[in-house]
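K.L.:
Attaching a single structure in structure tokens format; questions to follow.
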Amino acid sequence: MNTSRELCGMSRQERQDALEQLVSRYVKEALFMDSGDELPLDQGFFDLGLTSLRLSEIRARLEAELDLDIDATVLFSRPTVDQLVSHLADRLSTPSADQKASHVR
């Protein structure tokens, strides 16, 4: 998968598409779905059958993959794949203070 730096360099649509693939893959794995199974992107995580523990595992994997801190409440306030992807795309399109500082040096 792409690193957060690669994702930041993509257009908004490319970034959203890449994040949708990543988040969908992790959700499908947590639900023991096959990669070819259809995942409703607008259905709530709990409605899909995910538990708080599984959501925490998905969050940890996303944090490690994207090198991004994700507040635990995000998965509850943005409870669908579509909403989570949109949130992550926004986060990756806005450079953090650390990233800004490293570009100044």
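K.L.:
Stretch Ala72-Leu53 to full length: gain in nm at 0.36 nm per residue minus the Cα-Cα span?
P.N.:
5.7 nm
K.L.:
Now for a separate question. Ignoring ligands, DNA and RNA, what percent of the accessible area of the chain is carbon or sulfur (1.4 Å)?
P.N.:
About 47 percent, which is the carbon plus sulfur part of the accessible surface.
K.L.:
Could you give the nm distance between label points at Ser35 and Gln13, where each point is 7 Å from its Cα heading toward the beta carbon?
P.N.:
Each label point is offset 7 Å from its Cα along the Cβ direction, giving 2.5 nm.
K.L.:
Evaluate the relative contact order of the chain (contact order divided by residue number), counting alpha-carbon pairs under 8 angstrom at least 6 apart; express in whole percent.
P.N.:
Taking the mean separation of contacting Cα pairs over the length of the chain, I get 38 percent.
K.L.:
Per residue of the chain, what 222 nm ellipticity follows from adding -39500 (n - 2.57) for every DSSP H run with n ≥ 4, rounded to the nearest 500?
P.N.:
-19000 deg cm²/dmol
K.L.:
Let me ask something additional. Accessible area per residue of the chain at 1.4 Å probe, in Å²?
P.N.:
60
K.L.:
Evaluated at 37 °C with a viscosity of 0.692 mPa s, what Stokes-Einstein diffusion coefficient in µm²/s does the chain have when Rh comes from the Kirkwood expression over alpha-carbon pairs?
P.N.:
The estimated diffusion coefficient comes to 231 µm²/s.
The values are calculated or read from the model by the stated rules, or taken from the named source; none is laboratory data. No experiment lies behind these values; they were computed from the predicted model shown. Ideal geometry is used to build each Cβ from the backbone, glycine not excepted, and the neighbour counts take in all protein chains shown. The area values use the complete protein model at the heavy-atom level, side chains included, leaving out ligands, DNA and RNA. Shrake-Rupley method; radii C 1.70, N 1.55, O 1.52, S 1.80 Å.
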